[in-house]
Structures are given as structure tokens and as C-alpha cells.
Amino acid sequence: QVEIVESGGGLVQAGGSLRLSCAASGSIFGFNEMSWYRQAPGKQREMVATITSTLRTNYADSVKGRFTISRDGAKSTVYLQMDSLTSDDTAVYYCNLDQPLSQLNTWGQGTQVTVSS
């Protein structure tokens with residue numbers, strides 16, 4: 001059993017910054033990937049950034065250079081620092097933990113990010 005709790009969403013003006021946090025707890029073993037996804041109204045959910053337990057990162061092209069994902073491995077906590085936000089970043093942001101060895105994939109409840117122009 002894995003639980004994910006997200007926090008840090010809110011309303012920000014264009015050009016501003018927000019920091020999202022995601023804390024995972026429970027049965028977490030071995031190699032895993034923690035990711036942020038987002039889903040805007042009327043659009044499909046898309047990957048924003050991923051960080052593995054070995055600290056390898058990957059970003060969507062749309063956020064490269066603006067967003068930074070980091071991780072506190074000891075606590076299975078991941079952060080998403082979002083800078084230079086635009087209205088296109090408005091979405092519900094979801095945290096995901098994928099554990100391929102145990103075939104467990106867990107989603108958080110989502111946190112709303114709204115960027116006003």
C-alpha cells in the first residue's frame with residue numbers, strides 16, 4: 001500500500017513561481033520513478049517531469065529550462081520548482097510513483113495550479 005500526498009498548488013501571476021511537493025509513503029522498495037503530470041481542461045494528461053530513484057531526470061519540452069524536479073530520496077519526497085509560469089501551465093498537477101519491480105503505480109489526488117495573465 002502506497003499513499004501520495006501533494007501540496008503547493010495555488011494561484012500565481014504570469015511570470016511568477018510555485019513549488020509543488022509530493023510525499024510518498026508506505027511500501028516503496030527498489031528502483032522507482034516519481035513524476036509530475038498535469039491535465040488542463042479538455043486536454044489529455046501529460047508528463048511534465050520525472051526523476052528516478054537514481055536521480056535521473058527527464059522533462060517535457062514545454063517546461064525545459066523553467067521547471068526543476070528534485071528529490072529527497074531518504075523521504076521519497078519529490079519537488080517541482082516552477083518558474084516563469086505562463087497561462088499554458090494552468091492545470092491540475094498530479095504526482096505519480098511507479099515501481100516497476102513490484103508493478104505498483106500510484107497516483108496522488110492532484111493539486112490545482114492556476115496562472116493568471
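The values are calculated or read from the model by the stated rules, or taken from the named source; none is laboratory data. Everything numeric here is computed off the predicted structure, so don't read it as measured data. In this analysis, Cβ positions are derived from the backbone assuming ideal geometry, glycine residues included, and neighbour counts consider all displayed protein chains. Side chains are part of the model used for accessible areas, which takes the heavy atoms of the whole protein and leaves out ligands, DNA and RNA. Shrake-Rupley method; radii C 1.70, N 1.55, O 1.52, S 1.80 Å.
The rows are residues; the columns are (1) in contact with a strand residue (DSSP E or B) (Cβ under 7 Å, 6 or more places away or on another chain); (2) charged (D, E, K, R); (3) closer than 14 Å to Thr111 by Cα.
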residue: Ser7; (1), (2), (3): yes, no, yes
residue: Val12; (1), (2), (3): yes, no, yes
residue: Ser17; (1), (2), (3): yes, no, no
residue: Ile28; (1), (2), (3): yes, no, no
residue: Tyr37; (1), (2), (3): yes, no, yes
residue: Gly42; (1), (2), (3): no, no, no
residue: Thr54; (1), (2), (3): no, no, no
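Looking across segment 87-97, the residues that are farther than 16 Å from Glu6 by Cα and surrounded by 13 or more Cβ atoms within 10 Å (Cβ to Cβ) come down to Asp89, Thr90.
Residues checked against (1) touching a residue at least 40 places away in the same chain (Cβ under 8 Å); (2) open to solvent by less than 70 Å² (accessible area, probe 1.4 Å):
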| site | (1), (2) |
| --- | --- |
| Ala23 | yes, yes |
| Tyr37 | yes, yes |
| Gln44 | no, no |
| Arg71 | no, yes |
| Met82 | yes, yes |
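State whether one or more residues within segment 101-117 are in contact with a helix residue (DSSP H, G or I) (Cβ under 8 Å, 6 or more places away or on another chain), open to solvent by 60 Å² or more (accessible area, probe 1.4 Å) and farther than 26 Å from Gln1 by Cβ. Yes, the conditions are met somewhere in segment 101-117.
One residue stands out in segment 46-69 among those that are open to solvent by less than 50 Å² (accessible area, probe 1.4 Å) and among the aliphatic types (A, V, I, L, M): the one that is nearest to Val115 (Cα to Cα), namely Val63. Only a single item in (1) surrounded by 15 or more Cβ atoms within 10 Å (Cβ to Cβ); (2) among the charged types (D, E, K, R); (3) touching a residue at least 40 places away in the same chain (Cβ under 8 Å) is not met by Lys75, and it is number (1).
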